[in-house]
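Report on the following structure.
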Amino acid sequence: MRDRPLGSHGRQTAPKPAPALCSSWATGKRRGGRKLITLPLVAGGCLWPCVPCSLSTGKSKEAEIKRINKELANIRSKFKGDKALDGYSKKKYVCKLLFIFLLGHDIDFGHMEAVNLLSSNKYTEKQIGYLFISVLVNSNSELIRLINNAIKNDLASRNPTFMCLALHCIANVGSREMGEAFAADIPRILVAGDSMDSVKQSAALCLLRLYKASPDLVPMGEWTARVVHLLNDQHMGVVTAAVSLITCLCKKNPDDFKTCVSLAVSRLSRIVSSASTDLQDYTYYFVPAPWLSVKLLRLLQCYPPPEDAAVKGRLVECLETVLNKAQEPPKSKKVQHSNAKNAILFETISLIIHYDSEPNLLVRACNQLGQFLQHRETNLRYLALESMCTLASSEFSHEAVKTHIDTVINALKTERDVSVRQRAADLLYAMCDRSNAKQIVSEMLRYLETADYAIREEIVLKVAILAEKYAVDYSWYVDTILNLIRIAGDYVSEEVWYRVLQIVTNRDDVQGYAAKTVFEALQAPACHENMVKVGGYILGEFGNLIAGDPRSSPPVQFSLLHSKFHLCSVATRALLLSTYIKFINLFPETKATIQGVLRAGSQLRNADVELQQRAVEYLTLSSVASTDVLATVLEEMPPFPERESSILAKLKRKKGPGAASALDDSRRDTSSNDINGGVEPTPSNVSTPSPSADLLGLRAAPPPAAPPAPVGGNLLVDVFSDGPTAQPSLGPTPEEAFLRFVCKNSGVLFENQLLQIGVKSEFRQNLGRMYLFYGNKTSVQFQSFLPTVVHPGDLQTHILCSCTKRVAAQVDGGAQVQQVLNIECLRDFLTPPLLSVRFRYGGTAQSLTLKLPVTINKFFQPTEMAAQDFFQRWKQLSLPLQEAQKIFKANHPMDAEVTKAKLLGFGSALLDNVDPNPENFVGAGIIQTKALQVGCLLRLEPNAQAQMYRLTLRTSKEPVSRHLCELLAQQF
């Protein structure tokens, strides 16, 4: 937003209406019983000349379309007629076309007439021509060369009005072609001594638009030094536009614009010290030039504190003046006054925090923010909490922030807005140290019981980090984590319970207490599965430390754990089997009982290969191996090597790259890091693959012990795997990666030396949501990062992908950002949307285009039906075009369980006891789209001897049958 001239009362004055220069269609009168409408005016005449109301207010949609088509036919005949149209008529009809386009109708003619208007010497005709070009002409149009010539003529005309129109058109279109044509001319216009103020302002904003679209097209030269001096321009609009341009340019080339600091301080000082009457035209509700003040403060945040003592002293004086004015009574009760005043105040505080070198200013800023914590305006409370989070990391203001702990805790409990509560939790996390850790952790645990589901996982991570970092004794840490699992077990990630196991394993003095505490926790009637995992590991390793108590004797421990066995997932059962074999080594008296469990048919013939293999191997090991061999194989786990806390790494990923400095708070309580280290315990004889590992199809085998974390970006890129990031040379091609998503919803879509793209999606009926994770694997920031979804041809009429969460234009080295897409299937489709990713790495443009993993089978609704209903429906779909069949050779080992998993992942329901041949697979489902439903039946006949498949699909729509048959056949 830029500063605009305002009236004497601090409000923007409304323009006086210009006289209508069009026919009576725009007068609001009635003619022939038809109601006419008065349209908006601009200087020099009506913006929409001769546009009847009936174009947009027909009695029905059909009537409106009929009226539009009639009008289009009339305009087409006028353009193709033998009689040449004068400028006014041409403007009138072009304006009508533009109006019809804005009503939502396609326009496929009139572009040449609009281009011809650009050569007119009349302002209104040229304005309508530029308006039409800006709205309807795209960067690939054949008319771009003619348009560029007209723009070049206007820029060279030295007519300020025409120059501004041309500059506005360049900025509105903003294509690369226009940038290449005019990027060198616009800087010259900007710094030319004879350019009018309005032209300078338009040139600065136009150059800013081109730089944001294509930074490589804007050349840095001698004009860069001259543009800095625009900060001293007498025209405030020119200064405001120049500040916006310089702020953007200096982020990439700070050394070229470092002289702007002294000029910005000088201009800011003049604004801050002026009265509201000094800058009357740019005073907004008694606040002098608030937009310019905010922009100047943001510009100063691009540089360190000034080295010149005089400049620094003047800047400190400005900051103190702003803080002093915040304490003064308001000069108006209007909300606009307080908004403008607070905008400058918060930007001033951001600059103070950025410099982090003036203790007095930092404490004053903290006290000012503390007053806002109980303000009646929710937005002010939110901003105050957010700013105090940053202040808490400063050694000068940390103690001042801690004085507001009671107010922040109260906000966590009583705030209605979930975003404010989240900021309150962030602030408690930031202000925590050894002196208040127990109080803050206790309050966050209490809040966790009623916290919103959207922020529970983040609260869990913060509690786990604080409990580990500021633990005064390890028993308190163990109690805290177990309480965390009890309260919010579903939100306790593997990193959290891995971490507590690592710390217990590495500390001899807490092992007995941990075993006793987890044994008591397991006795609760309702026990979360994560608690069973922790209990299984700790009792398997250190259960002997509490075995002397009759209440926790070895048989009691085994009985307690085994009572949870049938309620747990496969991964947890595998961990418990490892605990049982550990018990045989620790407590020989339980050997017979445990061997009976392992020998049971439910284990030796288990459908899950992992459980079956463990049961067989553990039973054989306990029967064949001697006591000494058994003790050697099943000896106690050694201490884990030290490394960065994986919980902290996960919180960094969740909060984004901007939170790294707040999370890596190493300036205080360095002595508390004695337990902050080690890797997650994932040895194969203790645990099984994590649920997240299956996202990459790794469920087939348990992972090895976790290696030390790689240094740099690889630590936080891969959210889908427990192991290190795969090398690009070993990864699949983009087409292979796309096909893998046909039967699954999560995994890595693309990976090379620079970038990793992960996908996690969910679908229900004809709707879906997809999360795209972009990981920068390098240590260099990605610039101009722009991922977009492209719908080739008319695909947008079949499936619609809209972005609900956009990605920042810069992605820091080693950082990961998230993009969220909402997907709606309108009708059946055969080709997927495309994902286009463009960015700059080290000054070099990078681009790639991938298929978005959205196929028609994602909108399957599984359908259960009896054999009789299936065959009846199969016969109904007997037309030749409704059936697609393919016989093909198996590309992968023919495993019945894998085939079953792929068919379920494809989306159909598998029907038992339908096909006479039990080796065959039969499925049914309905593809849900917004327009119609497509029923689908499938039959897969494997021939193990010939290593062949025959796949038959029948649907109610022929193209769908062929497409689904091709998709599914590629999976085997």
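If you roll a 1.4 angstrom probe over the protein chains with everything in place, what fraction of the accessible area of the stretch 589-635 belongs to carbon and sulfur, to the nearest %? Using a 1.4 Å probe with all protein chains present, the stretch 589-635 comes out at 55 percent carbon and sulfur.
For the stretch 485-629, the spherically averaged projection of the C-alpha convex hull amounts to 8.9 nm².
Taking the centroid of alpha carbons for each part, the stretch 839-903 and the stretch 500-546 are 45 Å apart. Check cross-link reach from LYS564 to the lysines: straight Cα distance under 20 Å, and skip same-chain residues fewer than eight apart. Once the sequence-local lysines are set aside, what remains near LYS564 is LYS516, LYS533, LYS582, LYS591. Give the carbon-plus-sulfur fraction of the accessible surface of the stretch 334-400 in %, rounded to a whole number; probe 1.4 Å, heavy atoms of protein chains only. Using a 1.4 Å probe with all protein chains present, the stretch 334-400 comes out at 46 percent carbon and sulfur. Amide H contacts for LEU755 (H built 1.01 Å from N in the peptide plane; partners 5 or more residues away or on another chain; cut-off under 5 Å): LYS777.
Taken per residue, the accessible surface of the stretch 482-541 reaches 32 Å², heavy atoms only and a 1.4 Å probe. Karplus-derived 3J(HN,Hα) values for the stretch 429-445, using 6.51 cos²θ - 1.76 cosθ + 1.60 with θ = phi - 60°, are 5, 6, 8, 6, 8, 4, 6, 10, 4, 5, 5, 5, 4, 4, 5, 5, 5 Hz; glycine and proline are entered as x. Divide the volume of the convex hull around the Cα atoms of the stretch 165-297 by the residue count and you get 107 Å³ per residue. The convex hull of the Cα atoms of the stretch 426-538, projected and averaged over all directions, covers 6.6 nm². Each residue of the stretch 165-177 was assigned a 3J(HN,Hα) from its phi angle through the Karplus expression (A = 6.51, B = -1.76, C = 1.60, θ = phi - 60°), giving 4, 5, 5, 5, 5, 4, 5, 5, 6, x, 6, 5, 4 Hz with x at Gly and Pro.
Note on the stretch 820-972: Cα-only Rg and Dmax are 18.0, 66 Å. Please give the Cα centre distance for the stretch 771-805 versus the stretch 611-643, rounded to the nearest Å. Each part's Cα centre sits 48 Å from the other's.
Partners of LYS462 within straight-line reach, counting lysines whose Cα lies under 19 Å from its Cα and excluding those fewer than 8 residues away in the same chain: LYS402, LYS413, LYS438, LYS650, LYS652, LYS654, LYS655.
Remark: the stretch 309-431 carries 46 Å² of accessible area per residue (probe radius 1.4 Å; ligands, DNA and RNA excluded). Cross-link partners of LYS200 among lysines, defined as those whose alpha carbon lies under 20 angstrom from its own and excluding same-chain residues fewer than eight positions apart: LYS152, LYS212, LYS295. Hey, could you get me the Stokes-Einstein D for the stretch 303-395, Kirkwood radius over alpha-carbon pairs, 37 °C and 0.692 mPa s, rounded to whole µm² s⁻¹? It comes out at roughly 236 µm²/s.
Once the Cα-Cα distance is subtracted from the 0.36 nm per residue extended length, the SER563 to THR632 segment shows a gain of 22.0 nm.
Once fully extended, how much extra length lies between VAL570 and ASN232, figured as 0.36 nm per residue of separation less the alpha-carbon to alpha-carbon distance?
The span from VAL570 to ASN232 would gain 114.6 nm if fully extended.
Modelled label positions at THR450 and ALA845, each set 7 Å beyond Cα in the direction of Cβ, lie 5.6 nm from each other.
Multiplying the residue separation of ASP895 and LYS66 by 0.36 nm and removing their Cα-Cα distance gives an extension gain of 292.3 nm.
Give the Debye-formula value of log10 I(q)/I(0) at each listed q (0.19 Å⁻¹), with one equal scatterer per alpha carbon of the stretch 512-577, two decimals each. Computed log10 I(q)/I(0) values: -0.63. At a probe radius of 1.4 angstrom, the accessible area of the stretch 72-195 per residue rounds to 47 square angstrom.
For the stretch 770-874, the normalised intensity computed at q = 0.18, 0.22, 0.23 Å⁻¹ comes to -0.90, -1.13, -1.19 (log10 of I(q)/I(0), Debye sum over alpha carbons, equal scatterers, no solvent). The alpha-carbon atoms of the stretch 220-349 define a convex hull whose volume equals 101 cubic angstrom per residue. What number comes out for the charge environment of ALA521, summing +1 per Lys or Arg and -1 per Asp or Glu over other residues with Cβ under 15 Å away? Summing Lys/Arg as +1 and Asp/Glu as -1 gives +2.
Once divided by 2.2 N^0.38 Å, the Cα radius of gyration of the stretch 107-249 becomes 1.03.
How would ARG614, ARG551, ARG486, ARG176 rank on accessible area, largest to smallest, probe 1.4 Å?
Values: ARG614 10, ARG551 180, ARG486 150, ARG176 105 Å².
In descending accessible area the options line up as ARG551, ARG486, ARG176, ARG614.
The fraction of accessible area contributed by carbon and sulfur in the stretch 785-857 is 50 percent, rounded to a whole number (1.4 Å probe; ligands and nucleic acids excluded). Annotation: peptides 822-835, 125-138, ranked by per-residue average of other Cβ atoms within 10 Å with the highest first, follow the order 125-138, 822-835.
The values are calculated or read from the model by the stated rules, or taken from the named source; none is laboratory data. Fair warning: this is a prediction, and the values are worked out from it, not measured in the lab. Cβ atoms come from the backbone with ideal geometry, glycine included; neighbour counts cover every protein chain shown. Ligands, DNA and RNA are stripped out before the accessible areas are found, and what is left, the full protein with its side chains, is counted by its heavy atoms. Shrake-Rupley method; radii C 1.70, N 1.55, O 1.52, S 1.80 Å.
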